Amino acid sequence: MNYHQRVAALRKELRKKNLDAFISSRLPHVRYLTGFTGSNSFLVITLDASLFLTDFRYDEQIRSEVTADEKIIGKGSLIEFAAKKNIFQRLKRIGVEKDYLSLTDYEAVEKYAGKKKLAAVQNIVEKLRAVKEAEEITLITKAVEISDSVFKKILGILKPGISELDVSAEISYLQKKIGAEGDAFETIVASGERGSLLTAGLRKKSLPTANLSRWISGVFITAITRI
């Protein structure tokens, strides 16, 4: 993945919106822009630099995984730690993701950066992600192939007596075994009278027949989802 190219595209969007920085702690967006696969991060992208913050657990991991101009290991609140490093001080107008930044994090950024500096942005990263790179298209194709392969294998094990929970577990296992990084979301398996439920919870109860009324699963491969 060309993370430098992605960040460059983001900076073009920042200039269009008269912003000199963008901050995010939304993991799918941080991963898209830096490659980070962990669970705690704070990203600051300015017009001339990218700063990535995380905690001590990822010290070794980010050395080879993350693409950023500066990688910082923080303590406690990463936003507070960024403030102590004077990261917000020189910024004039900061784009914050209105759909994802929690109230707690917003208040922290407001406290250290100042309310006048903050500007709500929406879909700024989603717009970039909508245009797929060649490598992403290859991964989507792979995800489709995995999904199709799992579908065929599952049809071979369906029989009266197997439970929805067992079918779900088998789907998840096969997806990972064949090459998925993980499940894109919790697999939905529903049979009989529950087949019309869009978000049916899994049951241990055995299937009365080998027929499933509903089965929805997804494959996750380096930030690519296939339903």
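Just one of (1) closer than 30 Å to Phe42 by Cα; (2) without any contact (Cβ under 8 Å) to a residue 24 or more places away in the chain; (3) assigned to a loop (DSSP other than H, G, I, E, B) fails for Thr138. It is (3).
Filter region 56-76 for residues that are part of a loop (DSSP other than H, G, I, E, B) and crowded, with 17+ Cβ neighbours inside 10 Å and give the result. Within region 56-76, Val66, Thr67, Ala68, Gly74 qualify. Checking the stated criteria, Val125 turns out to be on the phi < 0 side of the Ramachandran plot, part of a helix (DSSP H, G or I) and among the aliphatic types (A, V, I, L, M). Whether any residue in region 166-186 is of a type in the set (Phe, Trp, Tyr), out of contact with any Phe, Trp or Tyr (no Cβ under 9 Å at 6 or more places or on another chain) and without any contact (Cβ under 8 Å) to a residue 12 or more places away in the chain is what I want to check. Scanning region 166-186, I find at least one residue that is of a type in the set (Phe, Trp, Tyr), out of contact with any Phe, Trp or Tyr (no Cβ under 9 Å at 6 or more places or on another chain) and without any contact (Cβ under 8 Å) to a residue 12 or more places away in the chain, so the answer is yes.
When you scan region 141-164, do you find a residue that is without any contact (Cβ under 8 Å) to a residue 12 or more places away in the chain, of a type in the set (A, V, I, L, M, F, W, C) and closer than 24 Å to Asn18 by Cα, even just one? Looking for residues that are without any contact (Cβ under 8 Å) to a residue 12 or more places away in the chain, of a type in the set (A, V, I, L, M, F, W, C) and closer than 24 Å to Asn18 by Cα, one finds none in region 141-164, hence no. Among the residues of region 5-45, write down those that are within 24 Å of Arg63 (Cα to Cα), of a type in the set (A, V, I, L, M) and assigned to a helix (DSSP H, G or I). If the condition is that a residue be within 24 Å of Arg63 (Cα to Cα), of a type in the set (A, V, I, L, M) and assigned to a helix (DSSP H, G or I), then Val7, Ala8, Ala9, Leu10, Leu27, Val30, Leu33 are the ones that fit.
Since every read-out is calculated from the coordinates, none of them should be taken as a lab result. Everything numeric here is computed off the predicted structure, so don't read it as measured data. Glycine gets a Cβ as well: all are built from the backbone with ideal geometry, and neighbour counts include every protein chain shown.
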